[in-house]
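The values are calculated or read from the model by the stated rules, or taken from the named source; none is laboratory data. Only a predicted model underlies this, so the values are computations on that prediction, with no experimental measurement involved. Don't worry about glycine lacking a Cβ; one is built from the backbone with ideal geometry, like all the others, and counts go over all protein chains shown. Please note that ligands, DNA and RNA were not included when accessible areas were found on the heavy atoms of the full protein model with its side chains. Shrake-Rupley method; radii C 1.70, N 1.55, O 1.52, S 1.80 Å.
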Amino acid sequence: MLDFRRMRFSRQILILQIGVVLLLLVVGFALVGWLLWGTLRDQYGERALAIARSVAVDPVVVQDVAARRPGGELEQRVQEVTRRADALFVVITDDNGIRLAHPDPAQIGKLVSTDASEALAGKEVVSSVQAGTLGLSVRSKTPVWSGDRVVGEVSVGFEIGAPVDELVRLLLISMAFAAGALALGVGASALLTRRLNRLTHGLEPRELTELLYEREAVLHGIGEGMLAIDARGRVSARNDEAERLLGKPLPVGAQVSELDLSPRLDRAVAERQPVDNLLAVAGNRVLVVNSRAVTRDERDLGTVLTFRDRTDLDALTRELDAVRSLSDGLRAQRHEFSNRLHTLSGLLQLGHNGEAIEYLQTLTDTSIGSSGVVGESVRDPYLQALLAAKIEQAQEKGVRLTLSDDSWVPTAVTDPIAANTVLGNLVDNAVHAARMGARRPAWVEVALLAEGTTLHVSVVDSGAGISAEVGDDLFDEGVSTKLSPGHGLGLALARQAATARGGNVWLADAGGEEQGALFVAALPELLEGVS
């Protein structure tokens, strides 16, 4: 015996659909039979009533019934009407219900076998199924009037087999239509089941439920952010980590173009090319992005992007760069200080005491820094070391880096990493622009100015400036004026570091005939307050 619960879901659906079709056909067939029987019974009743009326108004019948004369002319007329109408019987009674005419002469003079009270009361009886001396029949009755008095009644009946035979004939026709409807319903159910199998790839509901649970477990159980985009550019799936890393809600069904994602992410989605370890900036985070286009059975399913947070690693990298810059600055200062000591020692050993004293005075008047560029105008040792390191690096590339005369920073920096991110990236870009520019000598000028706890930075170079095509998107990650690959994050990171503190970095001047681009930054709460 088949266990219905162990059947495949598609087969259960097919059996249930066939069962529903059969139930509807049985109920419909029974309803049609009941309605047909009522209709046929009424039709034969109306036919019997019409015959009874025609007999009841016959003058001969009225006269004989009023005179209560049985048989004779009355019987002949009854026999003739019965034959012509193909009726089972035509019976005429007087006002007491005594038969005056009947197909069976032996029944004349006897009381009718069925109730004739309604007809004798002046009312017509239509389509009544009753059993009489001639068997079960559909009959109708009507009174016989003589003036305004009921003198008798006429009863006409048809054998019950006549409407039954008609009913069977109609039901057989209906059964043929029902068989066709059943075949059509079964075929449609089979096609629907086949389509269901194709849409679900043959998976059972239990398997679909397990897939759903597994999908949720994978989406929300991994430490990486995941964003799935369908072929029409809409979000089809995402996990909480993706929303956290991107810093914005990612509603399912939303168009990616309306989410205001990073330009690099938009480009990865649009190009549909494999992407590995792409760096992108999202809010105050640096993300590592991987992207893959997904297809199945030659059907385009869209694109899947995964995100890893590299903010902490990037912060450590910037901190290491800051330490390296400080170390380079200290090494440059130590080397310069050693050279000065050797010079002073040589002057003293050679007996040039006057020159040695003059040399010491010169050293005292100049600032302690690389080439005397950083003096008392910048008190913070970290900024001094950073500028000294950048000066040394610029000199190696044939660029002269100087600090403007109006620079003034009397207090220490509270966040060296933020200062290194902003100042370091702006100086590195300026040195590169100056070295690649046509003006000679190549130069870069840095201005640092304290306003309370806010540090204002401006960097200008002798390069070719920024073109109008790049200017609008200059601070988007991936946009760079450098020809070599792997660039395009410096300005984005600088602006990110500034905006994280409530400040900003912007292009104040794209450059002209006398100088290159001028970048300006404002970094609130970066300096210690003046005591």
Original post:
In this structure, is residue 498 among the small types (Gly, Ala, Ser), surrounded by 15 or more Cβ atoms within 10 Å (Cβ to Cβ), at pLDDT 85 or above and under 38 Å from the mean Cα position of the chain (by Cα)?
Top reply: yes
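Can residue 522 be described as modelled with pLDDT of 85 or more and either open to solvent by less than 30 Å² (accessible area, probe 1.4 Å) or not in a strand (DSSP E or B) (or both)?
Yes, satisfied.
For residues that are in a helix (DSSP H, G or I), of a type outside the set (S, T, N, Q), under 16 Å from the mean Cα position of the chain (by Cα) and surrounded by fewer than 16 Cβ atoms within 10 Å (Cβ to Cβ), tally how many sit in region 244-280.
Counting residues in region 244-280 that are in a helix (DSSP H, G or I), of a type outside the set (S, T, N, Q), under 16 Å from the mean Cα position of the chain (by Cα) and surrounded by fewer than 16 Cβ atoms within 10 Å (Cβ to Cβ) gives 1.
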Original post:
Of these, 371, 404, which one is on the phi > 0 side of the Ramachandran plot and either modelled with pLDDT under 85 or of a type outside the set (D, E, K, R) (or both)?
Top reply: 371
**OP:** Among the residues of region 225-245, write down those that are under 19 Å from residue 309 (Cβ atoms) and out of contact with any Lys or Arg (no Cβ under 8 Å at 6 or more places or on another chain).
**Re:** 238, 239, 240, 241, 242, 243, 244
**OP:** Determine whether residue 304 is outside any helix (DSSP H, G or I), at pLDDT 80 or above and of a type in the set (Val, Ile, Thr).
**Re:** yes
Original post:
So residue 438 fits all but one of (1) part of a loop (DSSP other than H, G, I, E, B); (2) at pLDDT 90 or above; what number is the exception?
Top reply: (2)
